[in-house]
Each structure stands twice: as structure tokens, then as C-alpha cells.
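**Q** I'd like to ask some things about the structure below.
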Amino acid sequence: MRTKAKIFAVLSTLLVAGLLAAQTVSAQELAGVWQGKLQVDPKTALTIQFTFAKKADGSYSAVLDSPDNGAIKNTPADSVTWKGGALSVKVAALSGGFDGTLQGGTLTGQWKQPGGALPLVLTPYQKPVLSKAAVDTLVGTWSGPLTGPGGTITFVARFKADDKDEMQGTLAVPEQGGKELPMADIQFADNKLTFKIPMVMGEYAATFSNGTLTGLWRQGNPPQPAAGVPAVLKKGDYVAKVFVLKMPGETFGMLSGTWKGDLHAPGPQGPVMIPVVFRFETNEHADMVAFMDSPSQKAMGVPVTEATVTAGKVVIKVGALGEYDAALSGTTMTGDWKQGPGSLPLTMTRK
């Protein structure tokens, strides 16, 4: 009898524990951000974030993001099913979905798309919290050169703390228009800084020492080059370099003013028109300078680094961005915009 009583007591304990565990699973709040790594192939891993919100009727909605890929941002889920620790999320915009089970605070499952499925484990995500000392060190403007296969450009990183004392940041390249791209996952501890730029699938990792950030910039997934490109940033106000055009005043007069034209570039839905503007002017020091604007791409004031006019032929160089070669005839320039290995016809008219 005592043996039976002991067995019954053990079974009762296990049954109670099982019921408590079941209640814990059923009561588990899904609301919040869950994150994991999707191993797309041996060399490529993609960070996946689901943000779940509980609706008034007790059901859930979800939004999918990837801090590694700016193309996957605020993508709404079409349906979210959450019952007894089992989760199913359908995302029609990506022709896929996630099915998983909650175990020990972790959602273990698979991301499924036509043609296959990949394992994906999600855990509650906690946004990095920087210490006051880290915030004080970072806040401000940092700049420095990045020299890669295509030449040298300037990185300008700006950090600030919002009203919740959370760190925010942007990264800009003046030679490419100076558009400020938002950072994600800023982490700074033990003199190690990392941040991501989802819009261009980029990541910077650096060590802080003696007022300098010494690190590597990696872009792409997988990054090219794999080893990254060195970038050393120092804190202080950034002053853009002035490129004074070296040409006779008479020649400059042939280009002086504002020139406008349209590039017709191929796109997934057909040709895309990109307005282009060249501005040849003198600055407050009477220096002859020029700039390129691309309003639709929010790239304004990109400095022209060199311009020449020889026997009716114009060559306008815009740093590492590209080059315009054209024939000049009065108020019209007819030629090609060359960027990387490709080129597109471009006709400019002085307004």
C-alpha cells in the first residue's frame, strides 16, 4: 500500500507540474519583439525580427523586419495563430511564413517558402541599453576616410540620445550626396562598437581607443570583400572638403549656371527616370566650384571633383560616384553618364 501511495503521490506531483506548465504556455504573452538568425546558405545568415502586438479581441498581429536587409522592413503578417504554445505566422508579401512551438521561452520552428524550409529559432529581443559613460563618449559627430577598391570616400557618423536616453545614429557619405542613413542595433561596451545600416546591408565594427574608432566596414550578405574595408573615425565637427576647379575663367563661363537633364535607368518595373542637376558657381571666397544634385534620390550637393573643357568636349568627374563625358554645344551637353562598368545616355540643358 505504501508503495502504491508513493507512486500515486509521484504521479500527482507530475500531473500538477504538467498542468502548471500547460497553464504557463497558454498564458505566455507573445507581445513584443522576437529575434533569430535564418541561415540562408553556409555563408549567408539573415537576422529576422517579429514584432507581435495583442489586439483587443485577444488575437495577435505581427510585423516582420530584418536589421540586415533594408528591403525587409515593416512587412505586415497576413495572419497570426497562437494557441497552446503553437505559433503560425503567414507573410504573403514574402511568400512565406513561420511555424514554431514555444519551449522554455524559445520559439523553435521553421521558416517556409515555396521550394523549401529553413530552421529558425526565435527568442525575446532586448534592445541594447548603453551605459551613461558609453552615451557620453559616442554622442556627437565622427568622421574619417574609407579606402576601398573604388577609391576613397568619407564616413560621417552622427550619434545622439533621444528623450528616453536611447542611442540613435546615422551614417552619411558626403561624396555620394550626404544622405543620412539610419543605424540599427547600436552596441557599445568594453570599448567595442558595432552598428548596422539595414538600407545598404552594411555593418561597422570598431575598437575605441585614445579618442579614435578603428574598425572595419562590411557590406552585403555575404560581404564583399569578406575581410571588410578599414575605416578610422575621429570625433569632431565635420568640414567638407572644397574642390576648386582649375580652369581659366573664360572656360568656366562656358559651364557657369545650372544644367538639368534626366537619366533613364532600367528598373524591375521598366525604365526609371532620374533627374540630374549640375551647378557651376562661385563660393564666398570667389572659388570656382561645382556640385551635382539628384533630387529623387535625395542626394544634394555632391561635389564635382574635376571638370575640363577641351575642343568642345566636357569631362565632369564626381569623385568615386561617376563621370560625365559629353560634347558641348552652346547651352546643351550631349553624352554619357558613366558609373562603374556601365553607362547611360544623358543630355543636359543650361537653364
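The values are calculated or read from the model by the stated rules, or taken from the named source; none is laboratory data. Small disclaimer: the values here were computed from a predicted structure and weren't measured. When we count neighbours, we look across all protein chains shown, and the Cβ atoms used for this are built from the backbone with ideal geometry, even at glycine.
**Q** Which of the following residues is closer than 19 Å to residue 325 by Cα and assigned to a helix (DSSP H, G or I): 252, 278?
**A** One residue alone meets the criteria, 252.
**Q** Only one of 226, 231 is closer than 30 Å to residue 142 by Cα, without any contact (Cβ under 8 Å) to a residue 24 or more places away in the chain and hydrophobic (A, V, I, L, M, F, W, C). Can you tell me which?
**A** One residue alone meets the criteria, 226.
**Q** Restricting to segment 133-165, name every residue that is touching a helix residue (DSSP H, G or I) at 6+ places or on another chain (Cβ under 6 Å) and under 13 Å from residue 208 (Cβ atoms).
**A** 159
**Q** Moving to a separate point now. Output the number of residues of segment 110-125 satisfying the condition of being surrounded by 20 or more Cβ atoms within 10 Å (Cβ to Cβ) and under 15 Å from residue 40 (Cα atoms).
**A** 2
**Q** What are the residues in segment 48-64 that are within 19 Å of residue 96 (Cβ to Cβ) and either without any contact (Cβ under 8 Å) to a residue 40 or more places away in the chain or hydrophobic (A, V, I, L, M, F, W, C) (or both), if any?
**A** 48, 50, 51, 52, 60, 61, 62, 63, 64 - these are the residues of segment 48-64 that are within 19 Å of residue 96 (Cβ to Cβ) and either without any contact (Cβ under 8 Å) to a residue 40 or more places away in the chain or hydrophobic (A, V, I, L, M, F, W, C) (or both).
**Q** Identify, from the list 174, 145, 182, the residue that is surrounded by 18 or more Cβ atoms within 10 Å (Cβ to Cβ) and in contact (Cβ under 8 Å) with a residue 12 or more places away in the chain.
**A** Only one candidate passes the filter, namely 174.
**Q** Restricting the search to segment 298-327, which residues are under 17 Å from residue 276 (Cα atoms) and in contact with a helix residue (DSSP H, G or I) (Cβ under 9 Å, 6 or more places away or on another chain)?
**A** The answer is 299, 301, 302, 303, 305, 307, 314, 316, 318, 319, 320, 321.
**Q** Which condition number in (1) at pLDDT 95 or above; (2) more than 18 Å from residue 174 (Cβ to Cβ); (3) out of contact with any Phe, Trp or Tyr (no Cβ under 6 Å at 6 or more places or on another chain) is the one that residue 277 fails?
**A** (2)
So that you can scan it fast, the table gives a plain yes or no per residue for (1) over 30 Å from residue 196 (Cα atoms); (2) outside the structural domain of residue 346 (by TED's automatic domain parsing); (3) in a strand (DSSP E or B):
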| site | (1), (2), (3) |
| --- | --- |
| 230 | no, yes, yes |
| 242 | no, yes, no |
| 261 | yes, no, yes |
| 268 | no, no, no |
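**Q** Here's another thing I want to ask about it. Any residue that is touching a Gly at 6+ places or on another chain (Cβ under 7 Å), surrounded by 10 or more Cβ atoms within 10 Å (Cβ to Cβ) and of a type in the set (Lys, Arg) - is there at least one of those in segment 232-248?
**A** Taking every residue of segment 232-248 in turn, at least one turns out to be touching a Gly at 6+ places or on another chain (Cβ under 7 Å), surrounded by 10 or more Cβ atoms within 10 Å (Cβ to Cβ) and of a type in the set (Lys, Arg).
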